[in-house]
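Beneath this line is the structure, given in structure tokens, with notes to follow.
The values are calculated or read from the model by the stated rules, or taken from the named source; none is laboratory data. Please read all numbers here as calculations on a predicted model, not as lab measurements. In this analysis, Cβ positions are derived from the backbone assuming ideal geometry, glycine residues included, and neighbour counts consider all displayed protein chains.
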Amino acid sequence: MNVAKRTFDAVIVGAGGAGLRAALQLSEAGLKTAVLTKVFPTRSHTVAAQGGVAASLGNSTEDNWHWHMYDTVKGSDWLGDQDAIEFMCKKANEVVIELEHYGMPFDRTDNGKIYQRPFGGHSMNYGQAPVMRSCAAADRTGHAMLHALYQRNVRANTQFFVEWMALDLIRNADGDVLGVTAMEMETGEVSIFHSKATIFATGGAGRIYYSSTNAFINTGDGVGMAARAGIPLEDMEFWQFHPTGVAGAGVLITEGVRGEGGILRNASGERFMERYAPNLKDLASRDVVSRSMVTEINEGRGCGPDKDHVLLDITHLSPETIMKRLPGIREIAIQFAGVDPIKAPIPVVPTCHYQMGGIPTNYKGQVVVPKDGNPNAPVQGFYAAGECACASVHGANRLGTNSLLDLLVFGKSAGETVVEDFKAGNLSLKPLPADAADASLARIARLDSQTGGESVFDVGLEMRRTMQKHAGVFRFDALLREGVTKIAAVAERAKRTEIKDKSKVWNVARMEALELDNLIEVARATMVSAEARKESRGAHVRDDAPDTAENPNGRDDKNWLKHTLWYSEGNRLDYKPVNLKPLSDDVEPIALAKRTY
Amino acid sequence: MTKRTVQFKIYRYDPDKDEKPYMQDISVELEPSDKKLLDALVRLRAKDDSMSFRRSCREGVCGSDAMNINGKNGLACLTDIDSLAQPITLRPLPGLPVIRDLIVDMTQFFKQYHSIKPYLVNNDPPPERERLQSPEEREELNGLYECILCACCSTSCPSFWWNPDKFVGPAGLLAAYRFLADTRDQDTNARLDNLEDPYRLFRCHSIMNCVDVCPKGLNPTRAIGKIKDMMVRRAI
């Protein structure tokens, strides 16, 4: 196959919030930039974020970045790196105000400032009481943000390659990153995007689970590409199960509903979160709320004929509040749950939502790997931001509204780092290896010629069911061990998938087969990393690591206060230290403590 | 609910092998949990992986899966299967070139969106904090900013069908008014100049197909009326 070559200063893969924010930095600095995206930018999954973006603006209640940092470190169950967390919380006001200046239609307070609402795990004065920190545009914050960022990129003349799917990362013998291969959906043609800098902003892989709030496109493309190219994946055992997915449908109901006063109730109508989190109640951290819900269901206090969900109740809120602050939620409840939340509670279950781990980066957005004794050596020419990356600010559990903040702060930071590296003359166009496109062409050639294989649909379904059963909200040693074997078997089957559609033009079957390759890397990383981590921390809670005096909540800091690194080749695990030291002297390290809400 | 079989009639065209488009009769057995048209289409793809359409969020916010459903534009993910008469007839959005099956080339649609300068213009040096806007001023943007660019409206508009290169179309005009209505935007005159033309704005004849099909319940016709009012007020 003839492979065209295109040359750029920088290539960004993904045009969600992180990719668009990075692109602005590069376009405005005049770098020749290509943004590759497999969907039109405003269709990226950032669009589905609802409740808000965190910033300690203090518009409605007193607030400051120290409190935000404390909440984030505690939320991460101390697995987050405190330098990156300090950086993010300090930068929050700046990036949110910028967004307002770009035209984002935030809701407003009576005095004209950005409206803020309470959110899970966010508190004032180090855990004392809920704080109003989530900056919101009704319950459509992600939509408003993504469109504002796209619009700003239109103004900046950013060059997009829309409906181009990136296939593989190109590295040379030294391990430097030289760009990517990508396929144009309309023609099926593969091109090489040769660049001095490559930024991944490809989002998460929530579609490894059967029940997910995530879009069809969330297939971990960048994460899979990085893993295949020898980059380790960090902390992939940590997946967030959002407490309130619509039962049966999986569609997200924002935590902002509870921020506005919504209450979770079991079959007897009890507000059960009072028992699990006496202080923050329904606004405890997501992992805590999800586990409490599953416990209620497992102990027979679930709702409905099958006692398989709980209820999210906002019938006590005024219809005016619901129509003004939660109009999108009302539409979703009517569409997907068949109830009008003004009149009846919404059936909800914990649903896979967010990938805390990802491609290891530092707070500058540089991808870092262990090399010559340095656990965090930057990979030349490679950067990542947003859900595909692990900075690590979310550690073992992410707080709501910190994902939109993550993509703004680290999208911008990755962009700034590329611009600085470019201006300092540290980036050059290195010669492409002769086999730069071979791996991608081989993957496509296999799909063109494969006969007697299984369908992508069947293999994908088996992967999703396995992940759901073996690596869910609660984890069991025996199930995890079995899961490792099962996922390895699914991975073998994925090598022999067969597609019937051989067309060159907009071939969805081919796209889904290539996406499955990426999902499989993520599923393997998750299962192997989870099986190995013999403690409970944040979203990873095991039956054989219970709450004891020595290990509160089952967390074992002596042996497991460390980041997992998983390598695709040989399913190999390595570990690196957590950075407990903040970036500056402005703040003391947040000392280890038992997590309670 | 039990398993049920649904009959479809679907527009098929693969330029790689088909000389011309054709309508395919096909049926699919649904699981009890399949409620939306998109669920059925995903089920169909498991049976025939060459069935091509765009989809992503499956909850009506990304705007990918717009198509012509029993003669009316809508989103597959927000359309109840049981609300549709069978055979369910699916065609690509009308008026745009077809790439393959239900996938249309949206270049012209986005060109018109881009033509209205869909970004905030404010040339004052940015203040340290947010630009203030009262809740009432912010309220003016409701019904405008929620557009998901699915193109259901523009591709149901006869004026857009006849003049897709000259008439901005309902989606683009809704976006134009979104910025005209924003108290933070300073480009009012230039925005109105940009639309003062026999085609760009004034080809709207208030047929209101756009309002009828918008899956987000938005009203481009009203926004267009408001732009026309601004033009008139400016002229006096």
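General remarks:
- Verdict on A:Gln159 being more than 11 Å from chain B (Cβ to nearest Cβ) and out of contact with any His (no Cβ under 8 Å at 6 or more places or on another chain): yes
- The one condition in (1) closer than 27 Å to A:Val251 by Cβ; (2) of a type in the set (Asp, Glu); (3) within 8 Å of chain A (Cβ to nearest Cβ) that B:Glu128 fails to fulfil: (1)
- Test result for A:Thr61, over 19 Å from the mean Cα position of the chain (by Cα), of a type in the set (S, T, N, Q), surrounded by fewer than 23 Cβ atoms within 10 Å (Cβ to Cβ) and in a loop (DSSP other than H, G, I, E, B): yes
- Checked against the criterion of being facing another protein chain (nearest Cβ under 8 Å), surrounded by fewer than 21 Cβ atoms within 10 Å (Cβ to Cβ) and either modelled with pLDDT under 95 or at positive phi (or both), region A:109-117 has at least one qualifying residue.
- Residues in region B:103-125 that are surrounded by 19 or more Cβ atoms within 10 Å (Cβ to Cβ), at the interface with chain A (Cβ under 10 Å from one of its Cβ atoms) and under 19 Å from B:Asp14 (Cα atoms): B:Ile103, B:Met106.
- Of all residues in region B:28-75, those satisfying the criterion of being more than 9 Å from chain A (Cβ to nearest Cβ), under 20 Å from B:Ile99 (Cβ atoms) and of a type in the set (A, V, I, L, M) are B:Leu38, B:Leu41, B:Leu44, B:Ala66, B:Met67, B:Ile69, B:Leu75.
- Residue among B:Leu144, B:Leu96, B:Leu84 that is in contact with an Asp or Glu (Cβ under 8 Å, 6 or more places away or on another chain) and either surrounded by fewer than 24 Cβ atoms within 10 Å (Cβ to Cβ) or without any contact (Cβ under 8 Å) to a residue 60 or more places away in the chain (or both): B:Leu96
- Residue in region A:381-397 that is among the hydrophobic types (A, V, I, L, M, F, W, C) and farther than 30 Å from A:Ala55 by Cα present: no
- Taking region A:495-522 as the range and being more than 29 Å from A:Tyr567 (Cα to Cα) and not β-branched (Val, Ile, Thr) as the test, the residues that pass are A:Lys500, A:Asp501, A:Lys502, A:Ser503, A:Lys504, A:Trp506, A:Asn507.
- Failed criterion for B:Asp16 (all others in (1) more than 8 Å from every other protein chain (Cβ to nearest Cβ); (2) not in a helix (DSSP H, G or I) hold): (1)
- From A:Arg475, A:Arg464, residue being buried (at least 18 other Cβ atoms within 10 Å of the Cβ) and either more than 23 Å from the chain's Cα centre (by Cα) or within 14 Å of chain B (Cβ to nearest Cβ) (or both): A:Arg464
- Within region B:79-102, the set of residues being of a type in the set (Ser, Thr, Tyr) and within 11 Å of chain A (Cβ to nearest Cβ) comprises just one member, B:Thr79.
- Members of region B:40-73 found to be surrounded by 20 or more Cβ atoms within 10 Å (Cβ to Cβ) and on the phi > 0 side of the Ramachandran plot, listed by number: B:Arg58, B:Gly60, B:Gly63
- Taken over region B:129-146, residues that are part of a loop (DSSP other than H, G, I, E, B) and either of a type in the set (Val, Ile, Thr) or closer than 15 Å to A:Gly103 by Cα (or both) amount to 12.
- Every pair of residues 6+ apart whose Cβ atoms lie under 8 Å, when the first sits in region A:406-420 and is surrounded by fewer than 24 Cβ atoms within 10 Å (Cβ to Cβ) and aliphatic (A, V, I, L, M) while the second is modelled with pLDDT of 95 or more and in a helix (DSSP H, G or I): A:Val419/A:Gln25; A:Val419/A:Leu26
- Helices (runs of 4 or more DSSP H) wholly inside region A:252-311 that include at least 2 residues being over 23 Å from A:Ser403 (Cβ atoms): A:273-276, A:286-298
- Qualifying residue in region A:369-384 (condition: in a loop (DSSP other than H, G, I, E, B) and either touching a helix residue (DSSP H, G or I) at 6+ places or on another chain (Cβ under 6 Å) or buried (at least 24 other Cβ atoms within 10 Å of the Cβ) (or both)): no
- Any hit, region A:66-78, residues being outside any loop (DSSP other than H, G, I, E, B), in contact with a Cys (Cβ under 8 Å, 6 or more places away or on another chain) and either within 14 Å of chain B (Cβ to nearest Cβ) or closer than 25 Å to B:Glu146 by Cα (or both): no
- Restricted to region B:151-234, the set of helices (runs of 4 or more DSSP H) holding at least 3 residues that are buried (at least 16 other Cβ atoms within 10 Å of the Cβ) and within 20 Å of the chain's Cα centre (by Cα) comprises B:169-180, B:209-213.
- Filter result (among the β-branched types (Val, Ile, Thr) and assigned to a strand (DSSP E or B)) within region A:151-187: A:Val162, A:Ile170, A:Val177, A:Val180, A:Thr181
- For region A:325-343, the criterion of being of a type in the set (Phe, Trp, Tyr), outside any loop (DSSP other than H, G, I, E, B) and within 14 Å of chain B (Cβ to nearest Cβ) is satisfied by at least one residue.
- The set of residues from region B:68-98 being touching a Pro at 6+ places or on another chain (Cβ under 8 Å) and over 11 Å from B:Pro215 (Cβ atoms) comprises B:Asn68, B:Gly95, B:Leu96, B:Val98.
- Residue check, B:Asp165 away from chain A (no Cβ under 14 Å), touching a residue at least 40 places away in the same chain (Cβ under 8 Å) and of a type outside the set (Ser, Thr, Tyr): yes
- Test set (1) outside any strand (DSSP E or B); (2) in contact with a helix residue (DSSP H, G or I) (Cβ under 8 Å, 6 or more places away or on another chain); (3) more than 14 Å from chain B (Cβ to nearest Cβ); (4) among the acidic types (Asp, Glu) - A:Asp139 fails condition number: (3)
- In region A:502-515, the count of residues that are within 18 Å of the chain's Cα centre (by Cα), in contact (Cβ under 8 Å) with a residue 60 or more places away in the chain, within 14 Å of chain B (Cβ to nearest Cβ) and more than 22 Å from A:Ala439 (Cβ to Cβ) is zero.
- Among the residues of region A:577-590, not a single one is more than 16 Å from A:Met69 (Cα to Cα) and in a helix (DSSP H, G or I).
- No other residue among A:Gly483, A:Gly472 is part of a helix (DSSP H, G or I) and either on the phi < 0 side of the Ramachandran plot or hydrophobic (A, V, I, L, M, F, W, C) (or both) apart from A:Gly483.
- Selection from region B:17-42 of residues that are without any contact (Cβ under 8 Å) to a residue 12 or more places away in the chain and not small (Gly, Ala, Ser): B:Lys17, B:Asp18, B:Glu19, B:Lys20, B:Tyr22
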